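Remarks on the structure that follows.
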Amino acid sequence: MRLDLLAQLLAPLAASTAAPVTGNAVCPPDMVLVEGTHHEQVQRLCTSFKQDHCWAFFPGAVALEMRATPIRACMDRYEWPNRQGELPVVMARFIEAEALCAGVGKRLCTEFEWELGCEGPASLPFPYGHAQDPRACNVSKPWKAVSERKLASNDAAVRAAETARVWQGEPTGTFPACVSAFGAYDLVGNVEEWVSTSRAEWPYRSSLKGGYWSKPWAGCRGTNESHGPLFRFYEVGFRCCRDPG
């Protein structure tokens with residue numbers, strides 16, 4: 001990847017990407033309304049299990065359990081900077097993602113908002129259906145070994161070069177089938193997304209959702225709860241949410 005393209009991934013974009021809400025509009029045009037009931041636990045009947053993950057589920061066999069939380073939120077259609085056809089930003093810490101969302105009058109999505117936004121009202125395991133489709137989302141790129149030492153370097157050029165070397169993301173909206181019933185794109189795959197933690201058992205207020213370009217089993221459930229607010233990595237991005245109206 002050219003370093004001029006990489007600049008799009010790393011630049012802290014300060015300009016607002018959202019059109020103002022006018023009249024009786026519930027969400028800005030670049031956001032979608034995610035509304036419904038989120039269930040903390042979902043039990044499904046797996047029909048294809050491999051590599052320690054379920055790749056397909058029996059349609060209709062689902063049990064919604066535990067805490068039920070009503071959700072009503074506006075969610076960005078695309079990963080930050082929320083502009084179709086642009087490369088998603090990576091290497092942003094959770095606290096940086098929070099600040100960028102706040103700068104345009106938004107916030108990070110909560111874990112529960114993100115899950116409902118991905119599953120849709122039918123509680124689908126993947127945004128597009130019940131079985132993993134390797135062509136639907138950017139999830140099937142071969143994994144490349146990465147130098148964590150270079151990514152943690154104090155030299156910005158070294159970090160940028162290593163990020164560019166292992167980068168396999170695509171411009172937002174490249175995969176038209178990778179869209180949820182609510183209309184949000186690339187929730188699964190492409191880049192992993194920061195969310196504000198909703199589950200009390202997780203150790204940090206920061207969590208990650210959706211997998212990335214080399215995680216073919218990625219679906220709507222499954223939270224990476226192991227990284228604190230100062231963590232950053234070559235495949236970690238985010239999108240924003242806000243309250244409607």
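If you check VAL146, VAL195 for being in contact (Cβ under 8 Å) with a residue 60 or more places away in the chain and closer than 23 Å to GLN51 by Cβ, only one passes: VAL146.
When ASN24 is tested against (1) at pLDDT below 95; (2) open to solvent by 40 Å² or more (accessible area, probe 1.4 Å); (3) in a strand (DSSP E or B), only condition (3) is not met. Filtering TRP213, TRP217, TRP202 for residues that are modelled with pLDDT of 95 or more, open to solvent by 40 Å² or more (accessible area, probe 1.4 Å) and under 25 Å from CYS46 (Cβ atoms) leaves a single hit, TRP202. When you check ARG72 against the structure, is it modelled with pLDDT under 95, outside any helix (DSSP H, G or I), over 12 Å from the mean Cα position of the chain (by Cα) and surrounded by fewer than 19 Cβ atoms within 10 Å (Cβ to Cβ), yes or no? It is false that ARG72 is modelled with pLDDT under 95, outside any helix (DSSP H, G or I), over 12 Å from the mean Cα position of the chain (by Cα) and surrounded by fewer than 19 Cβ atoms within 10 Å (Cβ to Cβ).
May I ask you to verify whether GLY85 is open to solvent by 30 Å² or more (accessible area, probe 1.4 Å), touching a residue at least 60 places away in the same chain (Cβ under 8 Å), under 21 Å from CYS178 (Cβ atoms) and out of contact with any His (no Cβ under 8 Å at 6 or more places or on another chain)? The answer is yes for GLY85. Any chance segment 179-189 includes a residue that's open to solvent by 60 Å² or more (accessible area, probe 1.4 Å) and either free of Cβ contacts under 8 Å to residues at least 12 places away in the same chain or outside any strand (DSSP E or B) (or both)? Yes: one or more hits.
The values are calculated or read from the model by the stated rules, or taken from the named source; none is laboratory data. Here the structure is a predicted model, which means the values were calculated and not measured. For neighbour counting, all protein chains shown are included, and Cβ atoms are generated from backbone atoms with ideal geometry for every residue, glycine included. Only protein heavy atoms, including side chains, enter the accessible area calculation; ligands, DNA and RNA are left aside. Shrake-Rupley method; radii C 1.70, N 1.55, O 1.52, S 1.80 Å.
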